[in-house]
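Asks: First the structure, then my questions, so here it is.
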Amino acid sequence: RFILMIIVGKEVDGAAALAALEPVDLCILSKLNSLIKEVTDNMEHFELGIAVQKVYDFIWEEFCDWYIEMVKPRLYNKEEKDENGRNAALWTLKNVLMDALKLLHPYMPFITEEIFCTIQSEEESIMISSWPAYTEEKAYQTEEKAIELIKEAVRGIRNIRTQMNVAPGRKAAMFVVSEVEAVRNVFEEGRLFFASLAGAS
């Protein structure tokens with residue numbers, strides 16, 4: 001429903017979106033790429049329960065809990081200069097959902113077909129669409145590590161806020177201190193969604 005709400009009536013230039021992908025986009029694409037490899041392997045070995053649990057965990061934890069929340073500031077940012085960033089987020093949301101639906105299709109054929117045909121018009125049916133394939137080019141290990149670092153920091157901050165009974169709506173000033181330049185750069189690049197997720201002013 002969220003993706004439908006922000007995608008309907010919007011044309012996304014795939015080439016421009018690919019050129020504007022940010023670390024958070026590359027991270028979710030990399031995690032999806034790994035998932036495709038694992039699920040395909042599980043299904044070939046008839047480990048159906050393991051495969052569907054991995055798809056479930058990815059959709060709920062990685063895609064819904066983290067990625068969607070991380071890109072909301074970009075999606076709602078109305079500045080003209082951020083149009084490419086918004087398009088990259090829209091393209092990633094749509095493509096990750098499409099591949100996740102394909103992985104889920106053997107288990108939930110009717111629901112996945114309905115969602116697939118509602119969200120896109122490029123392919124006639126999920127039943128005759130190609131199965132997602134793992135590729136080495138989509139393994140973005142550096143970006144994955146960077147985003148995991150931010151997620152770890154957000155979890156830590158949320159735990160401290162809970163322990164200190166800080167109201168969820170109350171913002172706090174936060175300082176990221178590190179002797180390692182690469183770590184500082186990670187937080188600088190992700191400052192928009194880090195501030196949003198951590199409740200930082």
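The values are calculated or read from the model by the stated rules, or taken from the named source; none is laboratory data. All values reported here derive from a predicted model rather than from experimental measurement. Backbone-built Cβ (ideal geometry, glycine too); neighbour counts: all protein chains shown. Surface areas here come from the heavy atoms of the whole protein model, side chains and all, with no ligands, DNA or RNA. Shrake-Rupley method; radii C 1.70, N 1.55, O 1.52, S 1.80 Å.
Asks: Quick one: longest stretch of the chain between exposed loop GluC sites (Glu not before Pro), exposed meaning at most 11 other C-beta atoms within 10 Å and loop per DSSP?
Replies: Details: sites that count: Glu11, Glu79, Glu122, Glu124, Glu179.
Between the exposed loop sites, the longest stretch runs 12-78.
Asks: Still on this structure: What does the accessible area of Ser121 come to, in Å² to the nearest 10, when a probe of 1.4 Å is used?
Replies: Estimated to the nearest 10 Å², Ser121 gives 110 Å².
Asks: A follow-up question, please. Counting pairwise Cα distances across the chain, what percent come out greater than 31 angstrom? Can you show the working numbers first?
Replies: Numbers: 4788 of 20100 pairs.
Beyond 31 Å sits 24 percent of the P(r) for the chain.
Asks: Sticking with this structure for a sec: For region 53-122, what class follows from the C-alpha gyration tensor (a ≥ b ≥ c being the square roots of its eigenvalues): rounded when a/c is under 1.5, otherwise prolate if a/b is larger than b/c, else oblate?
Replies: oblate
Asks: Among the trypsin sites (Lys or Arg not before Pro) within region 109-201, which fall in a DSSP loop and have no more than 10 other Cβ atoms within 10 Å of their own Cβ?
Replies: On the way: sites: Lys138, Lys145, Lys151, Arg155, Arg158, Arg161, Arg170, Lys171, Arg184, Arg191; in loops: Arg170, Lys171.
Those that pass, being in a loop and sparsely packed, are Arg170.
Asks: When the accessible area of the chain is computed with all protein chains present and a 1.4 Å probe, what percentage of it is carbon and sulfur?
Replies: Numbers: 6780 of 12170 Å².
Roughly 56 percent, rounded to a whole number.
Asks: Hey, what angle do you get for helix 23-44 against the long axis of the chain, alpha-carbon based, 0 to 90 degrees rounded to 10?
Replies: So the inclination is approximately 40 degrees.
Asks: Hey, can you find the accessible area per residue of the chain for me, probe 1.4 Å, expressed in square angstrom?
Replies: Working: 12170 Å² over 201 residues.
Accessible area per residue, the chain: 61 Å².
Asks: Also, quick follow-up: Measuring from label point to label point, each 7 Å out along Cα→Cβ, what is the Ala182 to Trp60 span in nm?
Replies: Those two pseudo-labels are separated by 3.4 nm.
Asks: Continuing with the same structure: What do you get for trypsin sites (Lys or Arg not before Pro) in region 67-108 restricted to DSSP loop and a cutoff of at most 14 other Cβ within 10 Å of the site's Cβ?
Replies: On the way: sites: Arg74, Lys78, Lys81, Arg86, Lys94, Lys102; in loops: Lys78.
Passing both the DSSP loop test and the Cβ count: Lys78.
Asks: Could you go through region 66-77 in sequence order and give the Karplus-derived ³J(HN,Hα) for each residue, using 6.51 cos²θ - 1.76 cosθ + 1.60 with θ = phi - 60°, rounded to whole Hz, and x for Gly and Pro?
Replies: Working through the residues one at a time gives 10, 4, 4, 5, 5, 9, 4, x, 5, 5, 8, 7 Hz.
Asks: How high is the relative contact order of the chain, given as a whole-number percent (alpha carbon pairs under 8 Å, six or more residues apart)?
Replies: Numbers: 181 pairs, mean separation 57.6, N = 201.
Computed over the chain, the figure is 29 percent.
Asks: Continuing with this model, one more query. Figure the gain on full extension for Glu136 and Arg161 (residue separation times 0.36 nm, minus the Cα-Cα span) and round it to one decimal in nm. If you can, show how the numbers build up before the last one.
Replies: Details: separation 25, 0.36 × 25 = 9.00 nm, distance 3.96 nm.
Full-extension gain reported as 5.0 nm.
Asks: Compute the acute angle (0 to 90°) between the alpha-carbon long axis of helix 141-163 and the principal axis of greatest extent of the alpha-carbon atoms of the chain; round to the nearest 10°.
Replies: Relative to the chain, helix 141-163 is tipped by roughly 60 degrees.
Asks: Enumerate the amide H contacts of Ala200 below 5 Å, restricted to partners 5 or more residues apart or on another chain; note that Pro and chain-start residues carry no placed amide H.
Replies: Answer set, sorted by chain and number: Ala172.
Asks: Between region 23-72 and region 155-193, what's the alpha-carbon centroid distance in Å?
Replies: Cα centroid to Cα centroid, the span is 26 Å.
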